[in-house]
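In what follows, a structure is listed as structure tokens, so that the remarks can point back to it.
Just so it is clear, none of the values below were taken in a lab; they were calculated from the coordinates. What you see is a predicted model, and the numbers here were worked out from it, not measured in a lab. Every residue, glycine as well, gets a Cβ built from its backbone with ideal geometry; the counts of neighbours run over all protein chains shown.
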Amino acid sequence: MNFTTLVLLAFGLSMDAFAVSICNCLAYQKYHRKEIIVSAIFYGIFQGLMPMIGFILGNQFLGIISLIDHWVALILLSIIGGKMIIESFSATKDEEMNQGTIAMKTLIIQSIATSIDALAVGISMAALQVDIVFACASIAGITFINCCIGGFLGKRFGKILGDRAQLIGGIILILIGLNIFIEHVFL
């Protein structure tokens, strides 16, 4: 795998996390640079670790992982998105929303949901005998950068959208989960 292919792969893998970064900043309007950067670090770490795990597991588990990865992403993102939609109609916001910060549990669930595809990519990298350390570092770095950009975009547009931001963010998360599911099942 050449460098250009690796960069394009990393960019593609980071797109789900990029979109979730935007959604988080739409929903959590009090998000500050610190939260954006911490979230981007989490997404980058998970995007970098998942191919490593896939690489270690090797090709023997590809069939099992590819059978469930889209279900896991769909369920996790739908739960988080559904919670955001319900809370957008609620008179009282969840404590997490009032604080303007994302709970560690929510961040970890989002990180797993957006990086599950990278696990299968790691398995294919084992077959291609890719330099996995460099590949994982590249994927993590590009994901971090994209998520920082997404976070700052979400922060800007969150101010413009106001109270509807949480509803829109929840819908987008569910659509991301559906997109992952549809790509794996029908394409």
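The table for this structure:
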{"item": "Spacing of the two label points (7 Å from each Cα toward its C-beta) at Ile109 and Leu67, in nm", "result": "2.6"}
{"item": "Contour minus Cα-Cα distance for Ile79 and Leu128 (0.36 nm per residue)", "result": "14.1 nm"}
{"item": "Within the chain: Cβ-based charge dipole about Cα centre, in debye rounded to nearest 20 (Lys, Arg +1; Asp, Glu -1)", "result": "560"}
{"item": "Pairs of lysine residues in the chain - Cα separation under 16 Å, sequence separation of 8 or more or cross-chain", "result": "6"}
{"item": "FRET E, pair Val38, Phe157, Förster distance 30 Å, beta-carbon r, rounded to 0.05", "result": "0.90"}
{"item": "Theoretical FRET efficiency, 1/(1+(r/R0)^6), r = Cβ-Cβ of Leu178 and Ile45, R0 25 Å, to 0.05", "result": "0.45"}
{"item": "The chain: relative contact order in percent, alpha carbon pairs under 8 Å with at least 6 residues between", "result": "50"}
{"item": "Radius of gyration, Dmax [the chain; alpha carbons; angstrom]", "result": "16.4, 54"}
